[in-house]
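Participant: One structure follows; several queries about it will come next.
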Ligand code: SIN
């Protein structure tokens, strides 16, 4: 099957290294549509040697890219933004076909990804330094910020466009070059972005995309002394391994890892808003985001009413092929993901959880799992402790605010959290008490390019997006100027 695109050149089938497309590789990766299993494209892969070539190209390109004035780097990023938006529909079709999310969500993700190009282009012109009081009159102390060096980015399949944009944009804005390893499930979105980067005037070697197996590409990136920073979005387990591997060359790392987001509904909440927030947060990308609601904690006085409204709203969700009109829930990314969700639900029901809705695979195909609501969930259960990454909403009742906070913080993770209340005092108490990098109050979707995205504890380190997001790509150099007797 081939994709029908307005611009067929966006469907690239090989890695992009030093400004050249490698459409003959050491192997071939078949990219399949999770909605029906059809192979969309076969992409030529690279191995360790190909990755080292990309690192060398990025290293060579650093010499001139870091000298390009910030204003010009900003203009390049702005052109990349414009091109992404001009090709939003094609990029969305590629994404939905390789990843499964609905077309509406893919369009939204392309705009979200593009927003990082626009934002960090603007931020490039704001990389300023400091003049600090000196220890004596004949001295001056100055701090300048310089690009950290070659960046390696390992990106996930759940946001095939935006997670690349959120790393590549600050890297380029700071004057760094980058080697991107996209997930094997979704290389086509990454390659389409590289095609647009080239058209935007990104010089050869500044952006490189290497497609292939993690076991070949990962060690080449982590071992190389030329790579000075590694940025990763993915599981905590892989993040830990990457941190260890990067420690040998003492790279700077930023890790956007797993989550276990609580969604607390207090008895004074606007229930309609809370149900709507829970649905958008839980079922975004069929539950496959790190910030998806993972545990719904509801005060016992409103528990039954909330559950009945949540079940009704969830039952309305239309599941199917993400390309089809009106579909709100696509397939999961692959059969393995469905098996993982199935197991979590089974372990939890065996431990006493009750299925209020769904709770099984769908007959639409092997990658579909029904939107599910579980009640009677307790902290010892598998769905409470693990990141679900699927369309399952586990509900736990609580008595009071102190218990809600204790339940919410009872996890190794600390990425996103949410709560619904209309009590202004509680707003501040709970927001400050939650051990999370991000808190949504009366909102189920919190991500945008202007806000700092990131977690604490086992959810990782570093912040992406926002005015803080560029700092991870910069080194501070301190300059002491002496002998200034007047
Ligand atoms: C993620 O799930 O990794 C990212 C989600 C987001 O940016 O909202």
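Participant: When a/c reaches 1.5 or more, the comparison of a/b and b/c decides; with that in mind, is region 15-89 rounded, prolate or oblate per its Cα gyration tensor?
Facilitator: It is oblate, given that a/c is not under 1.5 and a/b is not larger than b/c.
Participant: Pull out a ≥ b ≥ c, the square roots of the eigenvalues of the alpha-carbon gyration tensor of the chain, then state rounded if a/c is under 1.5, prolate if not and a/b is larger than b/c, and oblate in the remaining case.
Facilitator: oblate
Participant: Can you give me the angle between helix 236-247 and the longest principal axis of the chain, using Cα atoms only, in degrees from 0 to 90, rounded to the nearest 10?
Facilitator: Orientation of helix 236-247: about 20 degrees from the principal axis.
Participant: Using a cut-off of under 17 Å, list every residue of region 120-143 whose amide N is near the label point 7 Å from the Cα of residue 485 along the Cα-to-beta-carbon line.
Facilitator: 136-140
Participant: Which FRET efficiency, nearest 0.05, do residue 406 and residue 273 yield, Cβ-Cβ r, R0 35 Å?
Facilitator: So, using R0 = 35 Å, E works out to roughly 0.90.
Participant: For the chain, what does -39500 (n - 2.57) per DSSP helix run (n ≥ 4), summed and divided by total residues, give at 222 nm, in deg cm²/dmol to the nearest 500?
Facilitator: When only DSSP H runs of four or more count, the value is -12000 deg cm²/dmol.
Participant: Moving on to the next point. Order 432-438, 26-32 from most to least packed using the mean count of other Cβ atoms within 10 Å.
Facilitator: Peptide ranking by packing, descending: 432-438, 26-32.
Participant: Order these peptides, 214-221, 369-376, 258-265, by their mean beta-carbon neighbour count within 10 angstrom, highest first.
Facilitator: 258-265, 369-376, 214-221
Participant: Nearest 10 degrees, 0 to 90: what angle lies between the long axis of helix 303-315 and the longest principal axis of the chain (Cα atoms)?
Facilitator: For helix 303-315, the angle is close to 70 degrees.
Participant: For the chain, give me the percentage of DSSP beta bridges that are antiparallel, rounded to the nearest 5 percent.
Facilitator: Around 45 percent of the beta bridges assigned by DSSP in the chain are antiparallel ones.
Participant: Rounded, prolate or oblate: which fits region 70-118 when a ≥ b ≥ c are the square roots of the eigenvalues of the alpha-carbon gyration tensor, with rounded for a/c under 1.5 and prolate only if a/b beats b/c?
Facilitator: Prolate shape, in that a/c is at least 1.5 and a/b is the bigger ratio.
Participant: Once R0 is set to 51 Å, what does the formula 1/(1 + (r/R0)^6) return for the Cβ-Cβ distance between residue 141 and residue 335, expressed as a FRET efficiency to the nearest 0.05?
Facilitator: 0.30
Participant: Sort 465-478, 133-146, 403-416, 171-184 for me by packing, meaning the mean count of neighbouring Cβ atoms within 10 Å per residue, highest on top.
Facilitator: The most tightly packed comes first, giving 171-184, 403-416, 465-478, 133-146.
Participant: Additional query: Helix 424-433: angle to the longest alpha-carbon principal axis of the chain, degrees 0 to 90, nearest 10?
Facilitator: Rounded to the nearest ten degrees, it is 60.
Participant: Roughly what % antiparallel, to the nearest 5, for the DSSP beta bridges in region 331-486?
Facilitator: 40
Participant: Applying 1/(1 + (r/R0)^6) with R0 = 35 Å to the Cβ-Cβ distance of residue 130 and residue 75, what FRET efficiency is obtained, to the nearest 0.05?
Facilitator: The value I calculate is 0.85.
Coordinate-derived values only; no laboratory data. The structure displayed is predicted, hence computed values, not measured ones. When we count neighbours, we look across all protein chains shown, and the Cβ atoms used for this are built from the backbone with ideal geometry, even at glycine.
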